[in-house]
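Take a look at the structure set out below.
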Amino acid sequence: MAHFARLEDNIVTDIVVIGNDDILDEEGNESEAVGITFLKNMFGEDTVWKQTSYNDNIRKRYAAIGDTYNADIDAFVCPKPFASWTMNSENGEWEPPIERPPDTETHYHLWDEENQQWVQSSFVE
């Protein structure tokens, strides 16, 4: 099965699954362009599609509804969690301004945007 993300203004609005036969070119090779043509024929020429995959590391991660497609790094990016976090263009992940301390068996850390620091919290037993 081949998975494609439908984009509107580069925001993922839907994920559609089509058969592998629907993305094969004349030589029998998988082709994103063939899949996009198939989807445009189904949903309209004005629709925009990008392939995503659970199995292959296409576009850094599997797309989710609400993600943004970032063409500069050819990646699906989740919404920015905090204003102070910056995009790592190598892996397509948001990173805090201060590295997260390691969690332990009894404690984990949450980001405090107002104070720009990690706050330690305890696991509930």
| Most fluctuating residue given options E45, E32, E99, as computed from a GNM of the chain linking Cα atoms under 10 Å | E99
| At 0.692 mPa s and 37 °C, Stokes D of the chain from Kirkwood alpha-carbon radius, µm² per second | 194
| query | Which of the listed residues, L7, Y108, I65, is farthest toward the dipole's positive end in the range 4-125, when Lys, Arg count +1 and Asp, Glu count -1 at the beta-carbon? | reply | Y108
| Distance in nm between label sites at I98 and N115, each 7 Å beyond Cα in the beta-carbon direction? | 0.9
| Residues whose placed amide H lies under 5 Å from that of A75, excluding near-sequence neighbours | N70
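With runs of 4+ DSSP H residues as the only contributors, calculate the mean residue ellipticity of the chain at 222 nm using -39,500 (n - 2.57) per run, divided by the residue total and rounded to the nearest 500.
On the way: 1 runs with 12 residues, N = 125.
About -3000 deg cm²/dmol.
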| field | Choice from A83, A75, A63 showing the highest fluctuation, given a GNM over the chain with Cα pairs closer than 10 Å | value | A83
| Crossing angle, helix 32-43 versus the chain [Cα axis fit, 0-90 degrees, rounded to tens] | 80
| note | For the range 52-105, using Cα atoms only, the Rg and Dmax in Å read 12.7, 39
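Placing +1 at every Lys and Arg Cβ and -1 at every Asp and Glu Cβ, with all other atoms neutral, what dipole size does the chain have around its Cα centre, in debye to the nearest 20?
180
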| message | If you filter the range 79-125 for chymotrypsin sites (Phe, Trp or Tyr not before Pro), then keep DSSP loop positions with at most 16 other Cβ within 10 Å, what is left? | response | F82, W85, F123
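Every number in this text was worked out from the coordinates using simple rules, so none of it is lab data. From a predicted model like this one, the values you see are computed outputs, not experimental measurements. Please note: Cβ atoms are built from the backbone with ideal geometry, for glycine as well, and neighbour counts cover all protein chains shown.
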